[in-house]
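No value in this document is a laboratory result; all are computed from the given coordinates. None of these values were measured; they are calculated from a predicted model. A quick note on method: Cβ atoms are made from the backbone with ideal geometry, for glycine too, and the neighbour counts reach across all protein chains shown.
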């Protein structure tokens, strides 16, 4: 019984996301559009529900989760702007030393969601680009434009530490 | 205001000239894929602004297709580079 | 007033897009070029999209498509550049001569050395 | 109207440059990437000329599907070439 209700909840969460995408795509609020959108998103949700667990949109209503997501977005945005300015200066002035290289950085995340968020967000911050992942040992291989010092803790502090500080609390 | 949109659209796609140069001289295939991916991003932005210039909101869908299919294309080409496509 | 904000934001976006393209032209090796390609996405596309939203109003269909495009670019472009960098690294595209260090190659080298030593020790014990 | 003509000619010039690259590049995979560039720029040209539906199909077919088919064909053509050397040698049979 609980399996059935969990599957229904998962389908409903997917239907909510699909409905949001439908609204953004059509951007017309008439009764026909809403009914067709509901039918289409329900069908999409039924077909996609067996693929895996889904976090519903109501997770963002939880103030703890919302605060941590906002903090993560804020930290990532600030670091992205700073790193962008650094990289732009490095592009326009080629005399600046370009110390690029591959760095192995430890991570505390093990779940697929945590690894994905860390990889995507730290690749958005343009000083470093995720190249490879070792999931079992929790190592990330980065290509960094400005290579951090050889100590793994300092490298982690420079590349993905500030992001994981918010993620770890979210995982509880 | 519409002229501003048109100028922005033209400037976004004029950046593509530099990327075509990289596509011509890129030593490896991966360089060309990078240039192609960036061309698709610039084309998506240019189409968005061109839609605002021409005042036709039907053009906006093409930008979404550019954004999503540049991802698909570069992933498929990357799989080819890894020799896992065949 | 709105036109000024639109022009300012679009100039920021265009400037970063231009510097990303120049970086793709000038950077010495493939991995740095991939970094510049991500850069045009984050700082080049987002201000331009915000400019479109400001110019056309938050509740227009332009704003919804701009939101979807920003979502797609932010979500998919790091993934595609990761796939590209991984494919290039696995198929052996070299870094440039001035690259400082390659810890993955060092780890691979250490592993090879350990295996060779173990094999030598094993053969020595057999004798 | 000026913006229309400028974007028209710029997209046309970029298509021509990419098409020239397809012909001139020695590297086969690089030529396929330039072909994909032709598809992307011609989709942009279709949008400028006012045919977004053609632009959709051009993105899917011209920028992704056709280059991938070319890549598969190039990979298969390269995989099966072997030189048997002597003329009277027994030809190698495929597995």
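Below, the figures for the structure above:
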item: Ratio of the Cα radius of gyration of the protein assembly as shown to 2.2 N^0.38 Å, where N counts its residues; result: 1.06
item: Sites residue C:58 and residue C:26, calculated FRET efficiency, Cβ-Cβ separation with R0 30 Å, nearest 0.05; result: 0.20
item: For chain A, built as a Gaussian network whose Cα springs stay under 10 Å, the top-fluctuating residue of A:50, A:106, A:162; result: A:50
item: Label point 7 Å beyond Cα of residue C:100 along Cβ direction - residues of the stretch A:106-122 with amide nitrogen under 20 Å; result: A:106-107, A:122
item: Rounded tilt (10° steps) of B:16-25 against the dominant C-alpha axis of chain B; result: 20 degrees
item: For peptides A:52-62, D:66-76, sequence by mean Cβ density within 10 Å, most packed first; result: D:66-76, A:52-62
item: Cα-projected label distance for residue C:3 with residue A:150, points at 7 Å along beta-carbon direction, nm; result: 6.0 nm
item: Shielding by partners - mean other protein chain Cβ count within 10 Å, residues of A:61-73; result: 0
item: Folded to 0 to 90 degrees: helix C:30-39 orientation relative to chain C principal axis, Cα; result: 30 degrees
item: Efficiency of FRET between residue A:99 and residue C:108 - r from beta-carbon atoms, R0 25 angstrom, step 0.05; result: 0.70
item: 15 Å cut-off, amide nitrogen to a point 7 angstrom out along residue C:120 Cα→Cβ, residues in the stretch C:86-112; result: C:110-112
item: Convex hull (Cα only) mean projected area of chain A, reported in nm² to one decimal; result: 13.6 nm²
item: Cα shape, chain B, gyration tensor, a/c 1.5 rule; result: oblate
item: Prolate/oblate/rounded call for the stretch D:2-77, Cα gyration tensor, a/c under 1.5 rounded; result: oblate
item: Inter-chain Cβ neighbour average for residues C:57-69, partner chain, 10 Å; result: 5
item: Helix B:2-14 axis, angle to chain B major axis (alpha carbon atoms, nearest 10°); result: 20 degrees
item: Mean shadow area of chain C over all directions, Cα convex hull, nm²; result: 11.2 nm²
item: Value of Rg to Rh for the stretch A:2-58 (Rh from inverse mean 1/r over Cα pairs, i.e. Kirkwood); result: 1.02
item: Among B:68-79, C:69-80, the order from most to least packed when residues are scored by Cβ within 10 Å on average; result: B:68-79, C:69-80
